[in-house]
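Engineer: Please read through the structure below; I'll follow up with questions.
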């Protein structure tokens with residue numbers, strides 16, 4: 001079945017450091033890929049998405065590129081801020097839509113220190 | 001626009017008791033999702049509605065969980081009787097239609113089973 005695997009956290013960085021959170025997926029066909037962010041005590045918010053191979057999603061300085069050849073969708077940011085501290089979830093919706101349900105990775109907690 | 005509303009925010013019950021959660025989606029959103037998020041894991045879909053009909057309930061433990069969306073707007077998720085492993089955050093999400101992204105999430109209900 002479809003699945004998502006993320007690098008384990010927590011990830012602790014200093015402010016202005018470079019961020020990479022790895023995400024790989026297993027799916028038949030070509031899924032749509034997403035990164036969601038969850039701030040403490042809040043629900044999930046869509047951060048960025050990509051719907052086909054080689055697409056780059058970007059938002060708020062975060063980027064991720066849909067790599068079909070490596071089945072990956074790694075999240076990057078050039079310079080993190082304390083306010084980026086949150087849990088980040090990689091997710092996919094199956095190809096052929098399958099009702100649009102999201103399949104999530106286990107989440108990666110990011111802590112940014114001043 | 002108003003976001004997805006959920007209540008209560010927190011609930012503590014003893015095992016074998018019953019509990020209900022309420023969700024009011026964004027106005028005009030035809031599709032409503034209930035996800036279960038166990039600590040340290042990504043959300044997992046329990047049930048998906050399109051208006052007042054069920055699209056996917058394949059992961060819903062039907063011997064104890066039930067959900068309804070009688071008028072195609074707000075929804076209730078019930079657990080009866082609760083087990084210790086039901087301790088989790090229950091997230092409600094909505095979208096314009098089946099397969100439409102993004103899904104908009106509420107802040108969730110944190111359930112603790114004693």
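The values are calculated or read from the model by the stated rules, or taken from the named source; none is laboratory data. Everything quoted here is computed from the prediction, not taken from an experiment. Glycine gets a Cβ as well: all are built from the backbone with ideal geometry, and neighbour counts include every protein chain shown.
Engineer: For segment B:62-85, give me the residue count where each residue is surrounded by fewer than 12 Cβ atoms within 10 Å (Cβ to Cβ) and either assigned to a strand (DSSP E or B) or in contact (Cβ under 8 Å) with a residue 60 or more places away in the chain (or both).
Structural biologist: Total satisfying the criteria: 1.
Engineer: Here's another thing I want to ask about it. Out of curiosity, is residue B:27 more than 10 Å from the chain's Cα centre (by Cα) and either in a strand (DSSP E or B) or within 14 Å of chain A (Cβ to nearest Cβ) (or both)?
Structural biologist: So residue B:27 does not fit the description; no.
Okay, residues lined up against (1) in contact (Cβ under 8 Å) with a residue 60 or more places away in the chain; (2) closer than 30 Å to residue B:5 by Cα; (3) within 11 Å of another protein chain (Cβ to nearest Cβ):
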{"residue": "A:6", "(1), (2), (3)": "yes, yes, yes"}
{"residue": "A:12", "(1), (2), (3)": "yes, no, no"}
{"residue": "A:42", "(1), (2), (3)": "no, yes, yes"}
{"residue": "A:51", "(1), (2), (3)": "no, yes, yes"}
{"residue": "A:54", "(1), (2), (3)": "no, no, no"}
{"residue": "A:62", "(1), (2), (3)": "no, yes, no"}
{"residue": "A:69", "(1), (2), (3)": "no, no, no"}
{"residue": "A:75", "(1), (2), (3)": "no, yes, no"}
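Engineer: Just one of B:26, B:113, B:38 is touching a residue at least 12 places away in the same chain (Cβ under 8 Å) and more than 23 Å from residue A:86 (Cβ to Cβ); which is it?
Structural biologist: B:113
Engineer: Residues in segment A:15-38: is at least one more than 14 Å from every other protein chain (Cβ to nearest Cβ), farther than 11 Å from residue A:92 by Cβ and touching a helix residue (DSSP H, G or I) at 6+ places or on another chain (Cβ under 9 Å)?
Structural biologist: Yes, segment A:15-38 has at least one match.
Engineer: Scan segment A:63-80 and tell me whether some residue there is in contact with a helix residue (DSSP H, G or I) (Cβ under 6 Å, 6 or more places away or on another chain) and buried (at least 21 other Cβ atoms within 10 Å of the Cβ).
Structural biologist: no
Engineer: I've got another one for you. Among the residues of segment B:47-55, is there at least one that is away from chain A (no Cβ under 14 Å), farther than 25 Å from residue A:107 by Cα and surrounded by fewer than 20 Cβ atoms within 10 Å (Cβ to Cβ)?
Structural biologist: yes
Engineer: Just to be sure, is residue B:91 outside any loop (DSSP other than H, G, I, E, B), within 8 Å of another protein chain (Cβ to nearest Cβ) and without any contact (Cβ under 8 Å) to a residue 24 or more places away in the chain?
Structural biologist: No, not satisfied.
Engineer: Can you pull out every residue in segment A:85-99 that is at the interface with chain B (Cβ under 9 Å from one of its Cβ atoms) and either at pLDDT 95 or above or under 17 Å from the mean Cα position of the chain (by Cα) (or both)?
Structural biologist: If the condition is that a residue be at the interface with chain B (Cβ under 9 Å from one of its Cβ atoms) and either at pLDDT 95 or above or under 17 Å from the mean Cα position of the chain (by Cα) (or both), then A:89, A:90, A:91, A:93 are the ones that fit.
Engineer: In segment B:30-41, how many residues are part of a strand (DSSP E or B) and in contact with a helix residue (DSSP H, G or I) (Cβ under 9 Å, 6 or more places away or on another chain)?
Structural biologist: Residues that pass the stated criteria total 3.
Engineer: Select from segment B:94-114 the residues that are under 15 Å from residue B:19 (Cβ atoms) and part of a loop (DSSP other than H, G, I, E, B) and write down the one among them that is nearest to the other protein chains (Cβ to nearest Cβ).
Structural biologist: The extreme case among them is B:108.
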